[in-house]
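So the structure is just underneath, and the comments pick up after that.
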Amino acid sequence: MISVAEAEALIQAELKDFGTEKVPFEQTLGRVLAADVTADRDLPPYNRVAMDGIAINYEAFKNSVQSFKVEATQAAGDKPVELQSTEACIEIMTGAALPVSADSIIRYEDVEIENGVATVLLDEVSRGQNIHPQGKDKKRGDVVAEANQLVTPAVIGIAAAVGATELKVKKLPKVVVISTGDELVEVDQIPLPYQIRRSNNYTIKAALQKYSLHADLLHIPDEQVQMRSQLMQCLQQYDVLILSGGISMGKFDFIPQVLEELKVEKLFHKVQQRPGKPFWFGKHADGAVVFALPGNPVSTFMCLQRYYMPWLEECLGIYPRRKKFAVLAQDVTFKPNLQYFLQVKLNINEAGQLQAMPLEGNGSGDFANLVEADAFLELPAEQSSFKAGEVYQVWPFKAFF
């Protein structure tokens with residue numbers, strides 16, 4: 001049995017590069033940028049009016065002109081209308097391109113317009129006020145979205161603004177999520193008293209959609225010949241196999257044996273942790289990696305969040321994952337010499353600290369408790385008593401603010 005740190009190191013040593021592809025920008029939400037997005041022109045591309053009002057030449061106001069003849073009205077998207085006189089103005093709308101002959105905008109709230117004349121009600125006006133200058137945000141050719149970040153709605157918005165109809169993104173691995181166990185039936189079936197519905201595979205599939213990764217699902221019964229045949233096909237067709245169940249000490253836990261027969265190299269089996277001690281990890285000579293997770297729902301979910309998701313993020317080249325820490329909100333005792341991943345509810349206290357309130361639940365089979373929890377708090381194996389106020393690494397799996 002190896003430590004959590006050793007398991008993490010072995011997994012991170014098996015990083016893969018799955019290449020890149022170009023995808024229509026509106027389909028890239030949750031993907032990882034593989035190339036910088038640059039501006040095709042200045043942003044804003046012209047001196048942009050920032051307030052509805054009148055456009056004037058500041059020199060006239062500086063020379064004590066307070067009333068300006070309204071020569072025209074210009075909407076956003078109109079060709080700029082030039083002033084015919086320095087003592088005139090143009091009614092102009094937010095988003096419009098500023099005429100070259102004007103250099104200041106006075107809000108409608110600060111003028112009075114009557115009989116085609118706009119009178120300024122202010123004693124002071126600043127040259128260039130209420131104008132968003134051309135190129136103030138970005139110059140043509142500047143990077144507007146750096147590579148190796150998740151595509152968010154904001155990234156999609158800026159891509160649209162600069163005409164990037166396609167974005168170069170990291171290719172995702174081909175993943176199959178495999179459930180095992182004869183006690184499992186499909187979701188739409190009525191289980192017999194000694195059966196349960198499949199849920200781990202759907203939990204895993206949903207978690208992977210964070211990165212727009214749509215995994216295939218497969219269920220394999222506890223029968224060695226059929227298991228060997230189907231796993232052999234999966235090793236040839238997929239980059240990643242994520243299994244749930246069948247790796248513990250039971251007489252029908254055939255997964256480790258079958259993987260060995262299929263020449264999948266075992267890198268470790270069993271980790272010094274709770275939940276998830278039976279966790280198995282290995283690789284095939286043809287390139288596929290295998291994450292065989294314990295079948296109990298909390299164990300499956302914890303191992304996915306603690307090991308698989310960081311591995312995937314590293315493979316996709318996402319900015320280095322920043323460690324997150326939280327303050328334990330109340331005392332906890334855990335005596336086994338195992339790294340304890342405590343389910344917690346997160347909140348921010350008045351001092352701005354991230355606090356973790358224990359939600360211990362009823363063991364690794366209590367998946368209902370996960371609905372209430374926000375994260376796992378990682379408590380070190382070398383301790384048995386953990387005091388309120390102590391700080392530990394936290395693994396959030398839910399947005400909490």
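Projecting the Cα atoms of Gln66, Val120, Ile92 onto the charge dipole of the range 48-132 (Cβ charges, centred on the Cα centre) puts Ile92 farthest toward the positive pole. Extent of the range 325-396 along its three principal axes (Cα atoms, max minus min coordinate, largest first): 33, 29, 17 Å.
Electrostatic bookkeeping for Lys69 treats Lys and Arg as +1 and Asp and Glu as -1; over the other residues with beta carbon under 13 Å from its beta carbon, the sum is -4. The structure shown yields Cα extents along the principal axes in Å, and of the options [x] 53, 45, 45; [y] 94, 48, 42; [z] 82, 54, 51 that calculated value carries the label [y]. Secondary structure note: in the chain, about 65% of the DSSP beta bridges are antiparallel. Subtracting the Cα-Cα distance of Glu314 and Asp239 from 0.36 nm times their residue separation leaves 25.5 nm of extension gain.
Shape class for the range 15-78, computed from the alpha carbon gyration tensor (a ≥ b ≥ c): prolate, with a/c not under 1.5 and a/b above b/c. Between the range 264-325 and the range 170-204, how many Å separate their Cα centres? The two parts, judged by their Cα centres, are 18 Å apart. Using 1/(1 + (r/R0)^6) with R0 = 56 angstrom and r between the beta carbons of Ala368 and Val100, what's the FRET efficiency to the nearest 0.05? Computed FRET efficiency for Ala368 and Val100 comes out at 0.25. Classify the range 48-132 from the C-alpha gyration tensor, please: rounded if a/c falls under 1.5, else prolate or oblate depending on whether a/b exceeds b/c. Verdict is rounded for the range 48-132. Maximal additional length on extending the Leu29-Thr73 stretch stands at 11.8 nm, based on 0.36 nm per residue less the C-alpha distance.
Using +1 on the beta carbon of Lys and Arg, -1 on that of Asp and Glu, and nothing else charged, what's the dipole of the range 1-156 about the Cα centre, debye to 20? All intermediate terms of the calculation are to be shown ahead of the outcome.
On the way: 14 positive and 26 negative charges, 74 e Å.
With only Lys, Arg, Asp and Glu charged at Cβ, the dipole is about 360 debye.
Charging the Cβ of each Asp and Glu at -1 and of each Lys and Arg at +1, and nothing else, the dipole of the chain about its Cα centre rounds to 1280 debye. Structure note, pairs Lys205/Lys345; Lys136/Lys168; Lys205/Lys324; Lys283/Lys323; Lys205/Lys263; Lys136/Lys324: Cα-Cα distances above 31 angstrom occur for Lys136/Lys324. Other residues within the sphere of radius under 9 Å centred on the Cβ of Val289, judged by their own Cβ, net out at 0 (K and R +1, D and E -1). Near Arg228: Cβ cut-off under 13 Å, other residues only, Lys/Arg at +1 and Asp/Glu at -1. The net charge is -3. The phi torsions of the range 119-128, fed into the Karplus equation with coefficients 6.51, -1.76 and 1.60 and a -60° offset, translate into couplings of 9, 7, 9, 9, 8, 10, 9, 9, 4, x Hz, rounded to whole numbers, with Gly and Pro shown as x.
Length gained on full extension, Val125 to His214, computed as 0.36 nm times the residue gap minus the Cα-Cα distance: 26.3 nm.
Readers should treat all values here as calculations from the given coordinates under stated rules, not as data from a laboratory. From a predicted model like this one, the values you see are computed outputs, not experimental measurements. Positions of Cβ are backbone-derived with ideal geometry, glycine not excepted, and every protein chain shown enters the neighbour counts.
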